[in-house]
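Encoded as structure tokens, the structure appears first; notes follow it.
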Amino acid sequence: MKIIPNEIFFAQIESELAAGRSVSFKVKGNSMFPFLRNGKDTVSVAPVNKQLAHKDVVLFNYKGRHVLHRIIKIEGNLYYIQGDGIYASRECCLKEDIVGVVTHISRNGAQPFSVDSFWWRFCSHLWGIFSFARRYLLIFLRCLFVQ
């Protein structure tokens, strides 16, 4: 496997999305654990051609980097975004900083499933409800699923 610098990789991703095509890539990092797992899950990202909503997982530009996190709050043109595996900090960006939205996920190369599925939305909703206990849930889940 050839490793490409992030700048080149995401420039190509943005180019494909701007042309109206969806892209798929393997997740890197633990900020979306337990919903997305480092090196194990693949996401399909589509151009933003719908009204973005609370709990959508989006690819956006943040301080010169590309980040894949969940929308937790929308106020006009401002989007507050946080990783599922993060309990304290969050990012804020403008709508034009969002380059794509996750539509499907594939776990360990299995058949992709839609993020609009009942179970994905249900689990995302529960995760949001229990945000007050996220720190302890993450410790427990990380021990359970030794990454």
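Do we have any residue at all in segment 110-121 that's in a strand (DSSP E or B), open to solvent by less than 70 Å² (accessible area, probe 1.4 Å) and within 17 Å of Val27 (Cα to Cα)?
yes
Filter segment 1-22 down to residues that are touching a Ser or Thr at 6+ places or on another chain (Cβ under 9 Å) and either touching a residue at least 60 places away in the same chain (Cβ under 8 Å) or part of a strand (DSSP E or B) (or both), then give me how many there are.
1
Determine whether Lys73 is in a strand (DSSP E or B), open to solvent by 30 Å² or more (accessible area, probe 1.4 Å), farther than 22 Å from Phe10 by Cα and among the charged types (D, E, K, R).
Here the answer is yes, as Lys73 does meet what is asked.
One line per residue, one yes/no per condition, for (1) under 24 Å from Gly20 (Cα atoms); (2) open to solvent by less than 20 Å² (accessible area, probe 1.4 Å); (3) touching a residue at least 24 places away in the same chain (Cβ under 8 Å):
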position: Val57; (1), (2), (3): yes, yes, yes
position: Asn61; (1), (2), (3): yes, no, yes
position: Gln82; (1), (2), (3): no, no, no
position: Asp97; (1), (2), (3): yes, no, yes
position: Arg107; (1), (2), (3): no, no, yes
position: Leu126; (1), (2), (3): no, no, no
position: Ile129; (1), (2), (3): no, no, no
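Can you name the number of the only condition in (1) under 12 Å from the mean Cα position of the chain (by Cα); (2) at pLDDT 95 or above that Tyr80 fails?
Unmet for Tyr80, out of (1) under 12 Å from the mean Cα position of the chain (by Cα); (2) at pLDDT 95 or above: (1).
Which of the residues that make up segment 23-49 are charged (D, E, K, R) and either crowded, with 19+ Cβ neighbours inside 10 Å or in contact (Cβ under 8 Å) with a residue 12 or more places away in the chain (or both)?
Lys26, Arg37, Lys40, Asp41
The values are calculated or read from the model by the stated rules, or taken from the named source; none is laboratory data. This one's a predicted model, so the numbers in the text were calculated from it and none came from an experiment. All Cβ positions, even for glycine, are placed from backbone atoms using ideal geometry, and neighbour counts span all protein chains on display. With ligands, DNA and RNA removed, areas are computed over all heavy atoms of the protein, side chains included. Shrake-Rupley method; radii C 1.70, N 1.55, O 1.52, S 1.80 Å.
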